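Undergrad: Okay, handing you the structure first.
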């Protein structure tokens, strides 16, 4: 028991450090890139751009219909077989970004479609282009709808990054596995890394709750009723 406590105490900061140096930065970067991709995919599908909308729909269908772990293995272990070699961290970023982009695109698309058609019509009456309508009118309103589910996806992504350990990315879980291999204390160490993940996700959940409360208090008046800056 004393040995287990010593190992727990000695391993806490190395695991936490790998989380702060790799897990969190990886999550933030992937979520940023994935959200940008999601917005483009959502707009392409809503606009029904020829060919591109079909490609986007197939992309979302494939990513949502296959396990993330399989996607990671295809990119990191499979692509080298056809001459495409990607290092572990770029492979993880690429794969996670595709995953976030596919799932978040459905969130963004639903949020955009939730904006009343009257907003589109009013913007058109004011002479707005499609791009100006989307940027100045639709997306600001859709953002309020999309933020809560997108934040849920962000929290899930923190946990999903543990899969990067399978392709040798030194994030929290791989660090824990290496310490386990030296100490032969899997029970204590896996509980420990689980608690650290829980700590990260709890902090993010509290932040999410604050953001959602601010959104509830924000002005929900329509953006177009003679108040739009042309």
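Listed here are the residues, each with its yes/no results for (1) within 20 Å of residue 154 (Cα to Cα); (2) buried (at least 18 other Cβ atoms within 10 Å of the Cβ); (3) at pLDDT below 95.
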residue: 50; (1), (2), (3): no, no, yes
residue: 70; (1), (2), (3): no, no, no
residue: 78; (1), (2), (3): no, no, no
residue: 90; (1), (2), (3): yes, no, no
residue: 104; (1), (2), (3): yes, yes, no
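Undergrad: Within the range 190-206, does at least one residue satisfy the condition of being surrounded by 14 or more Cβ atoms within 10 Å (Cβ to Cβ), over 18 Å from residue 27 (Cα atoms), modelled with pLDDT of 95 or more and touching a helix residue (DSSP H, G or I) at 6+ places or on another chain (Cβ under 6 Å)?
TA: Among the residues of the range 190-206, at least one is surrounded by 14 or more Cβ atoms within 10 Å (Cβ to Cβ), over 18 Å from residue 27 (Cα atoms), modelled with pLDDT of 95 or more and touching a helix residue (DSSP H, G or I) at 6+ places or on another chain (Cβ under 6 Å), which makes the answer yes.
Undergrad: With crowded, with 17+ Cβ neighbours inside 10 Å and either at pLDDT 95 or above or within 19 Å of the chain's Cα centre (by Cα) (or both) as the only criterion, which of 20, 33 stands out? Walk me through how you get there before you give the answer.
TA: Working: 20 fails: crowded, with 17+ Cβ neighbours inside 10 Å.
That would be 33, the only listed residue that is crowded, with 17+ Cβ neighbours inside 10 Å and either at pLDDT 95 or above or within 19 Å of the chain's Cα centre (by Cα) (or both).
Undergrad: Which ranges mark the helices (runs of 4 or more DSSP H) fully within the range 109-180 that have 3 or more residues being in contact with a helix residue (DSSP H, G or I) (Cβ under 7 Å, 6 or more places away or on another chain), within 30 Å of residue 11 (Cβ to Cβ) and touching a residue at least 12 places away in the same chain (Cβ under 8 Å)?
TA: Details: elements: 117-125, 130-133, 139-160.
Counting at least 3 such residues, we get 139-160.
Undergrad: Residue by residue through the range 118-154, note down the ones that are surrounded by fewer than 17 Cβ atoms within 10 Å (Cβ to Cβ) and under 19 Å from residue 107 (Cβ atoms).
TA: The answer is 135, 140, 143, 144, 148, 149, 152.
The values are calculated or read from the model by the stated rules, or taken from the named source; none is laboratory data. Values in this document were obtained by computation on a predicted structure and should not be read as measured data. Don't worry about glycine lacking a Cβ; one is built from the backbone with ideal geometry, like all the others, and counts go over all protein chains shown.
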